[in-house]
Amino acid sequence: MTKTVRSWLHVENGLPHLETERMQLRIARAGEAGKIVRYLIRNRAHLQPWEPKRDDFYFTEAAWIGGPERDQKEAQTGIAYRFRMLLKPGADPKAEVNFNCPTSEYIGTISLRNITPFPGYNATLGYSLDHSVEGRGLMIEGVRSVLRFAFEHLNLRRVEACFMPANVRSEKLLLGLGFQVEGLLRSSLEVNGRWEDHCISSLINQNWRRS
C-alpha cells in the first residue's frame, strides 16, 4: 500500500520514494543487485580517487547478494537511507543516450548514514554520480531533495559531509547548498590506498522543531 506523505515524498512498505523535476530517488528493490553492480563497473575508475581501494570481487553480483534487502531493512528501521537515483523518462535526453535502458539504470547514489536521533538529531551525507551525467545539475537537484527529506520528514537538526581538499566538485556542491566548512580532519580515512585529510562541513536545520 502506498501512502502519499507530500507531493515530493511517497512511502511504500516503509520505504521513502523521492521525486524531483528530473529524477526519482528510491531505495534499491529486491533483485536489483545487478543494477548496483553495473553502476559500480561503469564508474570504477571515475570513483576510485575518492573511495577505499576495492578488490575485483566487490564489482561482482556475488558480492551484492542481499544488498538491496540490507538497504531496505536499514531504511525501514531508520538506521540509514541509501537513495538510488534514476532519470524520469524524457527528463534529460542528453543523459539518456548513455544507457541502453536509461530510466531503469542507476545514475547515482545519495545516502544519509550514522543517523542519530535524540539527543543528536544528526546524520552524515554521502553521494556519488555516474561520470557520464556530470555537469547537468543532477547531483545538486538530488541532494537538495534528500536534505529536504532529512530536515522536514526525519526532523534532523544537523547534516554533515566530508570531502577531500582536492575534490573541488564536492566542495562546490556543498557550499552551493549552504554547507559551512568547520575544519580539517587529518589523515581521517584511507582512500585509494592512502590516508587522506578530509574537510568537514555541515548544514544546520534552522526550522528544527522539538518533537
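The values are calculated or read from the model by the stated rules, or taken from the named source; none is laboratory data. Values in this document were obtained by computation on a predicted structure and should not be read as measured data. FYI the Cβ positions are ideal-geometry reconstructions off the backbone, even for glycines, and counts take in every protein chain you see. The area values use the complete protein model at the heavy-atom level, side chains included, leaving out ligands, DNA and RNA. Shrake-Rupley method; radii C 1.70, N 1.55, O 1.52, S 1.80 Å.
Here are the numbers:
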read-out: Spread of Cα-to-Cα distances over 10 Å intervals beginning at zero, given as percent, for region 126-202; value: 17, 46, 32, 5
read-out: Where the Cα pairs of region 1-78 fall when distances are cut into 5 Å bins, in %; value: 3, 14, 19, 18, 19, 14, 9, 4, 1
read-out: Listed residues F57, F151, C199: farthest to the positive end of the dipole of the chain (Cβ charges); value: F151
read-out: Accessible surface, per residue, of the chain when the full set of protein chains is kept, probe 1.4 Å, Å²; value: 53 Å²
read-out: Accessible surface of the chain [probe 1.4 Å, protein heavy atoms]: carbon and sulfur percent; value: 51 percent
read-out: Two-decimal Rg/Rh across region 67-191, once Rg and the Kirkwood Rh are taken from alpha-carbon atoms; value: 0.98
read-out: Mean ellipticity per residue at 222 nm, deg cm²/dmol - from DSSP H runs of n ≥ 4 across the chain, formula -39500 (n - 2.57); value: -6500 deg cm²/dmol
read-out: Estimated FRET transfer efficiency when R0 is 25 angstrom, pair E182-F118 (beta carbons, to 0.05); value: 0.65
read-out: For region 19-93 versus region 155-183, the gap between their alpha-carbon centres in whole angstrom; value: 22 Å
read-out: Per-pair calculated FRET efficiency, R0 = 25 Å: L189 and I79 via Cβ, rounded to 0.05; value: 0.75
read-out: Relative contact order (%) - the chain, alpha-carbon pairs under 8 angstrom, separation at least six; value: 17 percent
read-out: Cβ charges +1 (Lys, Arg) and -1 (Asp, Glu), total dipole of the chain, debye; value: 460 debye
read-out: Simple label model, 7 Å out from Cα along Cβ direction - R136 to A166, nm; value: 2.8 nm
read-out: Kirkwood Rh in Å, taken over the chain so that all alpha-carbon pairs contribute; value: 17.9 Å
